[in-house]
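Down below is the structure, laid out as structure tokens.
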Amino acid sequence: MNVVTRGFRGRGGQDPARVPPGQYETHDFPVLSAGPTPRVDTGEWTFSVEAETGRTRVWTWEEFRALPQERPRVDIHCVTRWSKLDTDWEGVSLDVLLEDVETTAEYALASSYGGYTTNLPLQDLTDGQAWIVHTFDGEPLAPEHGGPARLIVPHLYFWKSAKWVRGISLLHQDEPGFWEQAGYHDYGDPWREQRYRGD
Ligand SMILES: Nc1nc2c(c(=O)[nH]1)N[C@H]1C(S)=C(S)[C@@H](COP(=O)(O)O)O[C@H]1N2
Ligand SMILES: [Mo]
């Protein structure tokens with residue numbers, strides 16, 4: 001598939017294999033936050049995974065930083081129509097954080113310091129598809145972009161990538177998050193333009 005499309009440039013000089021329908025490529029890094037930027041000290045920061053049984057695993061900042069680190073280079077797509085290609089992050093794969101968690105849940109709800117939430121199927125967090133990142137472009141993640149740490153799930157619209165993430169709950173039933181309750185699509189696949197409920 002890439003063999004056919006490589007080098008082809010569509011409207012606006014964009015590569016349609018990289019930039020989903022209805023999106024444009026930007027080289028900026030816009031800030032989109034529904035509220036004020038919470039200031040979270042790494043001395044107080046924890047990240048937790050709560051299974052549907054109530055069993056919870058908690059990592060302090062030091063414990064989180066001591067886990068195996070990866071450096072994903074990914075394309076990100078905001079529902080407000082900007083896409084940013086080849087973004088460089090460093091952090092911990094959700095595969096590592098979910099490794100010892102016993103669950104039969106199918107859904108996940110990510111929660112942030114400041115109260116933001118977003119939902120997604122648990123299977124979209126595994127198999128090298130999602131990370132908790134603390135570094136962008138070789139620098140500590142700026143507070144306005146979600147520092148000290150945020151979730152990134154690049155294959156879904158970027159509202160699923162919770163900034164200032166504090167934990168993930170595993171659930172038997174899907175529970176819509178902040179934007180999903182406000183009418184955004186429950187799943188949010190940018191390649192199928194799942195922007196709003198009903199798309
Ligand atoms: N906690 C939290 N996470 C959030 C948001 C938010 O308002 N609060 N906005 C979402 C939206 S709509 C987008 S597009 C991206 C924006 O990330 P950025 O500000 O780093 O570009 O963060 C997502 N994660
Ligand atoms: Mo967004």
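Laid out as a table, the results:
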{"quantity": "Enumeration of residues in the stretch 1-56 that are at pLDDT 90 or above and of a type in the set (S, T, N, Q)", "calculated": "Q23, T26, S33, T37, T42, T46, S48, T53, T56"}
{"quantity": "Matching residues, the stretch 117-140, being surrounded by fewer than 22 Cβ atoms within 10 Å (Cβ to Cβ) and touching a Gly at 6+ places or on another chain (Cβ under 9 Å)", "calculated": "T117, T135, F136, P140"}
{"quantity": "Scan of the stretch 145-182 for residues that are open to solvent by 10 Å² or more (accessible area, probe 1.4 Å), more than 13 Å from ligand 1 (Cβ to nearest atom) and either outside any helix (DSSP H, G or I) or in contact with a Gly (Cβ under 7 Å, 6 or more places away or on another chain) (or both), ordered by number", "calculated": "H155, S169, L171, H172, Q173, D174, E175, P176"}
{"quantity": "Selected residue (criterion: most open to solvent (accessible area, probe 1.4 Å)) from residues of the stretch 50-81 that are in contact with a Leu (Cβ under 6 Å, 6 or more places away or on another chain) and away from ligand 2 (no atom under 16 Å from the Cβ)", "calculated": "E52"}
{"quantity": "Selection within the stretch 73-99 - away from ligand 1 (no atom under 11 Å from the Cβ), assigned to a loop (DSSP other than H, G, I, E, B) and touching a residue at least 24 places away in the same chain (Cβ under 8 Å)", "calculated": "L98"}
{"quantity": "E102 being outside any loop (DSSP other than H, G, I, E, B), more than 16 Å from F158 (Cβ to Cβ) and either open to solvent by 40 Å² or more (accessible area, probe 1.4 Å) or not basic (K, R) (or both)", "calculated": "no"}
{"quantity": "Search result, residues across the stretch 18-44 that are more than 18 Å from the chain's Cα centre (by Cα) and more than 20 Å from V79 (Cβ to Cβ)", "calculated": "P36, R39, V40, D41, T42, G43, E44"}
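The values are calculated or read from the model by the stated rules, or taken from the named source; none is laboratory data. Please read these numbers as outputs of a predicted model, since none were measured by experiment. We place every Cβ from the backbone using ideal geometry, glycine too, and count neighbours over all the protein chains shown. For the accessible areas, the whole protein counts, side chains as well, though only heavy atoms, and no ligand, DNA or RNA atoms are used. Shrake-Rupley method; radii C 1.70, N 1.55, O 1.52, S 1.80 Å.
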